[in-house]
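Undergrad: This is the structure I have questions about; it appears just below.
The values are calculated or read from the model by the stated rules, or taken from the named source; none is laboratory data. Treat the numbers as computed from the prediction; the structure is a model and nothing was measured. With ideal geometry, Cβ positions are generated from the backbone for all residues, glycine too; neighbour counts draw on all protein chains shown. Protein only, heavy atoms only, side chains kept; ligands, DNA and RNA dropped before computing areas. Shrake-Rupley method; radii C 1.70, N 1.55, O 1.52, S 1.80 Å.
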Amino acid sequence: MTAAIALTDTQDAAADAIRRAVELLQAGEVVALPTETVYGLGADALNEDAVAKVFAVKERPEFDPLIVHLSDREQLREVAEIPEEIESYIQQLVQEFWPGPLTIVLPKKAAIPDLVTAGMPTVAVRMSAHPIFTKVARTLGRPIAAPSANRFGRISPTSAAAVMEELGDRIPLILDGGACSDGLESTIVRVSPPEKNKPVYEILRAGPVTPDMLKQFGQIKKRKPGNVAKDAPGQLASHYAPRTPIRLLEKPSDFVADPAKSYALLSYRENPKDGYLDLHEWDEVAALTPGSGKQAEAAVRFFYVLRQLDHAGVDEIIAEPMSEVGLGIAMMDRLRRASHQDEAGS
Ligand code: TXA
Ligand code: MG
């Protein structure tokens, strides 16, 4: 099988693409869909056989639960229980951040198959802001379970071409909605009842909704590093791994080149002042934010640049660290996971 790519760049093309996607989803098939974060591999979340195909296509282990995407806010009550003690705080997050890159973990309702949640009593839900995704979800009228549209443990796709490379031989259709505008997977949060009058937010996966953005509505519970895997299954050490080994180089002075090896530099802004550019005669250099140093640009380009360097054919990718504030928290999290080659992850 080779996936068809359906363009959505004119009104007619979009209408046709959406119709084809909905027909496939209704028939229990999987379809790759654009979201504002990364491309997702969607299936009807209430159809267990369709969800099973998602796991098979991705080669994803069944202990790693999927995110359920809603077509509207009202659908939340069909898939999740909202505990009374946190109801007003959930409503606040939903009003503020949906549609958008925030996933909320809540007790699940029976309508959601256990396969979706990997047998856990909770379900992770979000509402995508991508107009094409929204149109597909609304026309289908059912929640869509969608993990990132990459093979398990690989780099998340932020374009239709990247999905083609990952899953093109295994799925019938990819809707091309252009490059993803956020470029990093959604922030995953769990909400607990207030302590000292403020609800407690636990960030299970860092993403485009930053701790600073959440802090206006409650307090952020600090997590011990290493605890993440237990609470957000699938968040294993080596998520997002390119095929080429990658190493986050915390200090330029830590670098000792092996003369037999070729290296690429994943630079933040390709500025010699950062101390990495002139460290070595790199075989390849790619900058996340050429010149500007803007975090949002780096985030949008992040997986694209990582994929590019993975194709460069070098022995190792050396990544510069970046400041861990704002979107830098999510990018550093991805770089750390990608630099550990001991476990696979989603
Ligand atoms: O931005 C995104 O979230 C993208 C787009 C497609 O929406 N999706 C995505 O899905 O990143 P995926 O499958 O690559 O990552 C989902 C992660 C799981 O690995 C797991 O860590 C967490 O979400 N998750 C899912 N259900 C959960 C639950 N009930 N409790 C805690 N974590 C959960
Ligand atoms: Mg993923």
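Undergrad: Taking segment 66-82 as the region of interest, how many residues are touching a residue at least 40 places away in the same chain (Cβ under 8 Å) and open to solvent by 30 Å² or more (accessible area, probe 1.4 Å)? Walk me through it before giving the result.
TA: Taking segment 66-82 and keeping what is touching a residue at least 40 places away in the same chain (Cβ under 8 Å), we get 66-73, 75-76, 78-80.
Next, only the ones that are open to solvent by 30 Å² or more (accessible area, probe 1.4 Å) stay: 72-73, 78.
Counting residues in segment 66-82 that are touching a residue at least 40 places away in the same chain (Cβ under 8 Å) and open to solvent by 30 Å² or more (accessible area, probe 1.4 Å) gives 3.
So that you can scan it fast, the table gives a plain yes or no per residue for (1) closer than 21 Å to Glu324 by Cβ; (2) at pLDDT below 95:
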residue: Arg223; (1), (2): yes, yes
residue: Asn227; (1), (2): yes, yes
residue: Ala257; (1), (2): no, no
residue: Lys261; (1), (2): no, no
residue: Leu279; (1), (2): no, no
residue: Gly291; (1), (2): no, yes
residue: Ala299; (1), (2): yes, no
residue: Leu306; (1), (2): yes, no
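Undergrad: Scan segment 94-115 and give yes if some residue there is within 16 Å of ligand 2 (Cβ to nearest atom), closer than 22 Å to Gly28 by Cβ and touching a helix residue (DSSP H, G or I) at 6+ places or on another chain (Cβ under 9 Å), otherwise no.
TA: No, segment 94-115 contains no residue that is within 16 Å of ligand 2 (Cβ to nearest atom), closer than 22 Å to Gly28 by Cβ and touching a helix residue (DSSP H, G or I) at 6+ places or on another chain (Cβ under 9 Å).
Undergrad: Residues of segment 274-308 being of a type in the set (A, V, I, L, M) and more than 28 Å from Ala260 (Cα to Cα), which ones?
TA: Going residue by residue through segment 274-308, those that are of a type in the set (A, V, I, L, M) are 277, 279, 285-288, 296, 298-300, 305-306.
Once the filter is applied, which keeps residues that are of a type in the set (A, V, I, L, M) and more than 28 Å from Ala260 (Cα to Cα), segment 274-308 yields Ala296, Ala298, Ala299, Val300.
Undergrad: Within segment 130-152, how many residues are of a type outside the set (A, V, I, L, M), modelled with pLDDT of 95 or more and within 14 Å of ligand 2 (Cβ to nearest atom)?
TA: Initial filter on segment 130-152 (of a type outside the set (A, V, I, L, M)): 130-131, 133-135, 138-139, 141-143, 147-148, 150-152.
This time we only want the ones that are modelled with pLDDT of 95 or more, so: 130-131, 133-135, 138-139, 141-143, 147-148, 150-151.
Retained after the next criterion (residues that are within 14 Å of ligand 2 (Cβ to nearest atom)): 147-148, 150-151.
Residues meeting the conditions: 4.
Undergrad: Give me the residue from segment 23-43 that is surrounded by fewer than 19 Cβ atoms within 10 Å (Cβ to Cβ) and farther than 11 Å from Leu173 by Cβ and, out of that set, nearest to ligand 2 (Cβ to nearest atom).
TA: Gly28
Undergrad: Give the residue, chosen from Ser192, Ser181, that is open to solvent by 20 Å² or more (accessible area, probe 1.4 Å), farther than 24 Å from Leu115 by Cα, among the hydroxyl-bearing types (Ser, Thr, Tyr) and part of a loop (DSSP other than H, G, I, E, B). Please lay out each step first, then the result.
TA: Details: Ser192 fails: part of a loop (DSSP other than H, G, I, E, B).
Going through Ser192, Ser181 in turn, the sole match is Ser181.
Undergrad: Does any residue in segment 157-182 that is under 23 Å from Ala50 (Cα atoms) and among the charged types (D, E, K, R) come within less than 9 Å, Cβ to Cβ, of a residue that is open to solvent by 40 Å² or more (accessible area, probe 1.4 Å) and part of a strand (DSSP E or B) six or more places away or on a different chain, and which pairs are these?
TA: Hits for this filter: Asp176/Ile5; Asp176/Leu7.
Undergrad: Of the residues that sit in segment 117-152 and are buried (at least 19 other Cβ atoms within 10 Å of the Cβ), part of a loop (DSSP other than H, G, I, E, B) and small (Gly, Ala, Ser), which one is farthest from the chain's Cα centre (by Cα)?
TA: Looking at the filtered set, the residue picked out is Ser128.
Undergrad: Any chance you could count how many residues in segment 153-177 are outside any loop (DSSP other than H, G, I, E, B) and either within 12 Å of ligand 2 (Cβ to nearest atom) or at positive phi (or both)?
TA: Of the residues in segment 153-177, the ones outside any loop (DSSP other than H, G, I, E, B) are 160-167, 173-176.
Next, only the ones that are either within 12 Å of ligand 2 (Cβ to nearest atom) or at positive phi (or both) stay: 166.
Result for segment 153-177: 1.
Undergrad: For Asp212, indicate whether it is under 15 Å from Glu36 (Cβ atoms) and touching a residue at least 12 places away in the same chain (Cβ under 8 Å). Lay out the reasoning, then the answer.
TA: Numbers: under 15 Å from Glu36 (Cβ atoms): no; touching a residue at least 12 places away in the same chain (Cβ under 8 Å): yes.
When the stated conditions are applied, Asp212 does not pass them.
Undergrad: Within segment 178-215, restricting attention to residues that are within 16 Å of ligand 2 (Cβ to nearest atom) and hydroxyl-bearing (Ser, Thr, Tyr), which residue is nearest to Ala27 (Cα to Cα)?
TA: Our first condition is that a residue be within 16 Å of ligand 2 (Cβ to nearest atom); within segment 178-215, this holds for 180, 182-188, 204-208.
Of the ones still in play, those that are also hydroxyl-bearing (Ser, Thr, Tyr) are 186-187.
Values: Ser186: 28, Thr187: 31 Å.
Result: Ser186.
Undergrad: From the list Val314, Val285, which one is surrounded by fewer than 18 Cβ atoms within 10 Å (Cβ to Cβ) and of a type in the set (A, V, I, L, M)? So that I can check it myself, show each step before the final result.
TA: On the way: Val314 fails: surrounded by fewer than 18 Cβ atoms within 10 Å (Cβ to Cβ).
Being surrounded by fewer than 18 Cβ atoms within 10 Å (Cβ to Cβ) and of a type in the set (A, V, I, L, M) holds for just one of Val314, Val285, which is Val285.
Undergrad: Can you pull out the residues in segment 99-111 that are open to solvent by less than 10 Å² (accessible area, probe 1.4 Å) and under 28 Å from Ala160 (Cα atoms)? Full working, then the answer.
TA: Quick first cut of segment 99-111, residues open to solvent by less than 10 Å² (accessible area, probe 1.4 Å) only: 100, 102-104, 106.
Answer for segment 99-111, where residues must be open to solvent by less than 10 Å² (accessible area, probe 1.4 Å) and under 28 Å from Ala160 (Cα atoms): Gly100, Leu102, Thr103, Ile104.
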